[in-house]
Amino acid sequence: MDISLDVTGRRVLVIGGSRPARRVIARYRAAGAVVYLAADTYEVPNPLVRAVAWPQSAANWRDLVAAVDLVVAVDVPAPAEPLLAAACAERRVWLTREVAAPVARTGHVTLVGGGPGDDELLTVAARRALAGADIVYYDRLGPHELLDDWAPGAEQVNVGKHPGHHAVPQAEIERMLVASARCGLTVVRLKGGDPFVFGRGGEEMAACRAAGVPVTVISGVTSAIAVPALAGIPVTHREVSRLFTVLSGHVPLSEEELAHLVGLGGTIVVLMGVGTLPHLASGLARHGMAADMPVAIIERGFSDRQRTTVADIDSVVRVAGEVGARSPAVLVIGEVVRLAGCDDAAAVAVLANAATLSGQR
């Protein structure tokens with residue numbers, strides 16, 4: 001539920017078992033409410049809420065409702081439904097209903113792509129998954145500043161990695177996902193970009209499946225396309241590039257891979273490639289890429305410090321050093337870079353030039 005009213009300090013009575021009502025309890029507590037819980041079966045004491053006795057008569061219902069400001073019905077036995085509704089109506093206490101959280105012995109893991117960093121590029125499906133999460137494991141580059149709003153009351157665990165430093169090893173992340181799901185929790189693994197584009201989402205999915213934990217994937221907008229687009233660079237363009245290759249620059253490419261890239265042509269998009277840029281640029285040149293092939297280095301995409309630096313294969317390493325290019329950055333190599341920031345008239349000239357160059361090669 002999107003709590004649109006201020007419940008800070010308000011007394012909220014939740015009707016239902018602690019497990020099916022856990023998300024409701026977490027959300028209202030996160031919003032500042034004083035939460036009471038009434039269940040028709042024995043409940044193990046929950047230190048986060050105040051347990052109240054289950055009403056045994058219409059009078060008991062009226063007295064209980066009169067002592068709170070809001071009643072939230074999550075899991076109400078059928079015989080109690082009319083008594084609760086009548087008591088709320090008589091005492092003029094607002095009654096709202098919410099869907100119970102899953103109570104299966106094994107929970108569920110959702111791998112969510114958070115997009116390239118702009119909160120508005122988080123998908124509707126991603127927001128829905130976050131709203132229903134009991135616990136969120138998030139990365140440094142994933143959108144997480146608004147998690148308190150997107151996943152109110154959910155536990156938040158930072159498992160982010162920095163270049164050259166993995167605070168939480170990948171195997172441990174996978175163990176944590178599985179362990180949380182086995183406790184019956186609804187788990188969201190929030191990643192930057194798309195979980196299946198250099199996000200190790202495939203490994204996490206495999207770990208969940210091997211453990212018998214249900215897992216689904218919500219794709220995200222990948223920075224390989226979105227960041228160049230924000231800089232005015234289409235990864236494909238009619239008569240300029242009809243294909244694009246996305247690669248990780250985390251590990252230097254082999255000579256065979258470099259040769260294949262040059263031979264394939266089109267646009268090359270490199271993620272995590274600033275550190276290996278000297279090897280990449282020299283290798284592409286060594287295997288025949290034109291010295292004047294344009295290269296764009298787009299740093300900190302979708303942030304207020306985004307910067308685009310354009311050079312060519314022959315000069316890009318020197319230029320990158322002069323401007324102090326740093327990760328995170330997306331590299332784009334190809335004729336499409338000439339379209340960056342062009343107006344329509346300039347784009348026509350670029351297309352004509354590209355066609356001429358293509359005929360000369």
Task: Selection from segment 64-83 of residues that are free of Cβ contacts under 8 Å to residues at least 40 places away in the same chain and surrounded by fewer than 18 Cβ atoms within 10 Å (Cβ to Cβ) - done: 66, 77, 78, 79, 81, 82
Task: Pairs, first among the small types (Gly, Ala, Ser) in segment 5-33, second in a strand (DSSP E or B), C-beta under 7 Å, six or more apart - done: 9/34; 18/37; 21/14; 21/37; 33/12
TODO: Look through segment 105-139, keep the residues that are charged (D, E, K, R) and over 19 Å from residue 226 (Cβ atoms), and return whichever of them is most open to solvent (accessible area, probe 1.4 Å).
DONE: 105
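For (1) touching a residue at least 24 places away in the same chain (Cβ under 8 Å); (2) over 20 Å from residue 134 (Cβ atoms); (3) surrounded by 22 or more Cβ atoms within 10 Å (Cβ to Cβ), each residue gets a yes or a no:
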{"position": "46", "(1), (2), (3)": "yes, no, no"}
{"position": "52", "(1), (2), (3)": "yes, yes, no"}
{"position": "62", "(1), (2), (3)": "yes, yes, no"}
{"position": "85", "(1), (2), (3)": "no, yes, no"}
{"position": "92", "(1), (2), (3)": "no, yes, no"}
{"position": "103", "(1), (2), (3)": "yes, no, no"}
Task: Residue count for segment 10-23, restricted to those that are at pLDDT below 95 and either part of a strand (DSSP E or B) or open to solvent by less than 70 Å² (accessible area, probe 1.4 Å) (or both) - done: 7
Task: Qualifying residues in segment 215-224 (those that are surrounded by 20 or more Cβ atoms within 10 Å (Cβ to Cβ) and out of contact with any Cys (no Cβ under 7 Å at 6 or more places or on another chain)) - the one nearest to residue 281 (Cα to Cα) - done: 224
Open item on the list: For a quick check of your reading: which strands (runs of 3 or more DSSP E) sit entirely within segment 266-347 and have at least 1 residues that are free of Cβ contacts under 8 Å to residues at least 60 places away in the same chain and open to solvent by 20 Å² or more (accessible area, probe 1.4 Å)?
Closed with: 307-312
Open item on the list: For segment 112-136, which positions are over 27 Å from residue 306 (Cβ atoms) and in a strand (DSSP E or B)?
Closed with: 135
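The values are calculated or read from the model by the stated rules, or taken from the named source; none is laboratory data. Just so it is clear, the structure is predicted and the values come from calculations on it, not from any experiment. All Cβ positions, glycine included, derive from the backbone under ideal geometry; neighbour counts span all protein chains shown. Only protein heavy atoms, including side chains, enter the accessible area calculation; ligands, DNA and RNA are left aside. Shrake-Rupley method; radii C 1.70, N 1.55, O 1.52, S 1.80 Å.
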